[in-house]
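Asker: Here it is: the structure, laid out below.
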Amino acid sequence: MTPQSQTTRFAPSPTGYLHLGHAFSALFAHEAAKKSGGRFILRIEDIDPVRCRPEFETAIYEDLAWLGLEWETPVRRQSEHLAEYRTALDRLDEMGLLYPCFCTRKDIAGEIERSGHAPHGPDGLLYPKICRAMGQAEQDERMGQGQPYALRLDMAKAQRLAGQLTWRDLVWGERRAEPDRFGDVVLARKDVPASYHLAVTLDDHLQGVTLVTRGEDLFEASHLHRLLQFLLSLDVPLWQHHALLMGPSGQRLAKRDKAETIRSLRERGFSADEVRRLAQSQKNR
């Protein structure tokens with residue numbers, strides 16, 4: 001590959017059928033790799049055992065192949081690499097950057113109500129740091145009792161280690177990393193052994209992704225991902241956050257809103273060329 005070539009990826013979760021927004025994102029990444037003489041990777045983000053289903057994963061392969069995309073094999077499936085995420089978590093723990101959080105949603109809501117202050121971040125309400133000051137003895141006791149807990153990143157400590165970081169988007173230019181807007185973010189839970197933020201950041205490094213293309217709805221996540229790259233000594237890619245496809249109501253296309261799927265368009269008689277053109281024509285800018 002030439003120095004200018006890029007390795008890109010499309011990384012869907014098999015929690016439903018792909019819609020036009022997915023088609024646009026996959027085509028965008030595929031074209032970026034093709035134009036640069038680089039590599040296009042498909043990754044299956046199936047780390048959530050409750051929501052991910054085999055039939056949706058099969059449909060992903062079928063829909064993308066029908067659209068004319070080709071990708072490297074074997075395909076990385078997150079569920080097959082839990083040990084790698086555990087190793088990353090262990091490293092952060094050894095650095096003193098993780099702490100167990102035993103709070104329920106009710107606990108967090110109650111603390112926020114009592115404080116009269118409800119700051120928000122990209123993922124919703126910021127955690128009010130209830131468990132951060134908990135002593136080791138209490139942590140050990142509660143964990144020994146089998147109480148469920150999440151592992152949170154001590155953002156203040158992490159930022160002191162990292163100092164000032166930057167990241168570069170091909171559209172928005174050089175950006176100052178501001179991961180503190182996420183607060184003490186969850187990096188793992190009992191039912192989901194690695195968060196999206198941790199898994200995707202490690203995956204991109206291990207797969208040699210040099211250009212992360214994804215929708216503008218994930219723009220803020222890059223601030224946090226840049227911090228995790230520093231903490232785990234990972235390669236730093238370029239980013240390119242593309243426009244989102246919007247539905248008739250002006251909301252972005254989403255599975256939860258039952259956006260029309262590629263599969264349904266196929267069943268209605270649309271050709272692959274027509275679906276590709278439709279995806280391209282509906283981008284909001």
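Computed from the coordinates by the stated procedures, all read-outs in this text should not be read as laboratory data. Predicted, not measured: the structure shown is a model, and the values here were computed from it. With ideal geometry, Cβ positions are generated from the backbone for all residues, glycine too; neighbour counts draw on all protein chains shown.
Asker: So what's the projected area for the chain, the Cα convex hull averaged over all directions, in nm²?
Answerer: 16.7 nm²
Asker: Please list, in chain and number order, the residues 5+ apart from I41 or on another chain whose amide H is under 5 Å from its amide H, with Hs placed from the backbone.
Answerer: T8, R9, F10
Asker: Then there's this: Give me the base-10 log of I(q)/I(0) for the stretch 112-164 at each q in 0.29 Å⁻¹, Debye formula, one uniform scatterer per Cα, rounded to two decimals.
Answerer: The Debye formula, applied to the Cα set alone, gives -1.14.
Asker: Also: To the nearest 10 degrees, how steep is helix 272-281 against the longest Cα principal axis of the chain, on a 0 to 90 scale?
Answerer: 60 degrees
Asker: With runs of 4+ DSSP H residues as the only contributors, calculate the mean residue ellipticity of the chain at 222 nm using -39,500 (n - 2.57) per run, divided by the residue total and rounded to the nearest 500.
Answerer: After summing the helix terms and dividing by the residues of the chain, the value is -11500 deg cm²/dmol.
Asker: Please report how many Lys pairs in the chain have alpha carbons closer than 27 angstrom, counting only residues at least 8 apart along the chain or sitting on separate chains.
Answerer: 11
Asker: If you restrict to DSSP beta bridges whose two residues both lie in the stretch 1-154, what percentage is antiparallel, to the nearest 5?
Answerer: The answer is about 50 percent antiparallel.
Asker: Let me ask something else about it. Spin-label point model (7 Å from Cα, Cβ direction): what's the M95 to I130 distance in nm?
Answerer: Placing both labels 7 Å beyond Cα along the Cβ direction yields 2.8 nm.
Asker: At 0.36 nm per residue, and after removing the present C-alpha to C-alpha distance, how many nm does the segment from K34 to E267 gain when stretched out fully?
Answerer: Extra length available between K34 and E267 comes to 81.0 nm.
Asker: Which whole-Hz ³J(HN,Hα) couplings does the stretch 145-159 yield from phi under the Karplus relation 6.51 cos²θ - 1.76 cosθ + 1.60, θ = phi - 60°, glycine and proline marked x?
Answerer: So the J values, rounded to whole Hz, are 7, x, 5, x, 8, 10, 9, 10, 7, 6, 5, 4, 5, 4, 5.
Asker: With each pseudo-label sitting 7 Å past Cα toward Cβ, what's the S115-V171 distance in nm, one decimal?
Answerer: Going by the 7 Å Cα→Cβ label model, 3.3 nm.
Asker: Follow-up question, since we're still on this one. Can you list the HN-Hα couplings for the stretch 33-50, worked out from phi with the Karplus curve (6.51, -1.76, 1.60; θ = phi - 60°), rounded to whole Hz and with x for Gly and Pro?
Answerer: Using θ = phi - 60°, the values come out as 5, 5, 4, 8, x, x, 10, 10, 10, 9, 10, 9, 8, 10, 6, 8, x, 7 Hz.
Asker: At a Förster radius of 25 Å, what calculated FRET efficiency corresponds to the Cβ-Cβ distance of S5 and D217, to the nearest 0.05?
Answerer: 0.35
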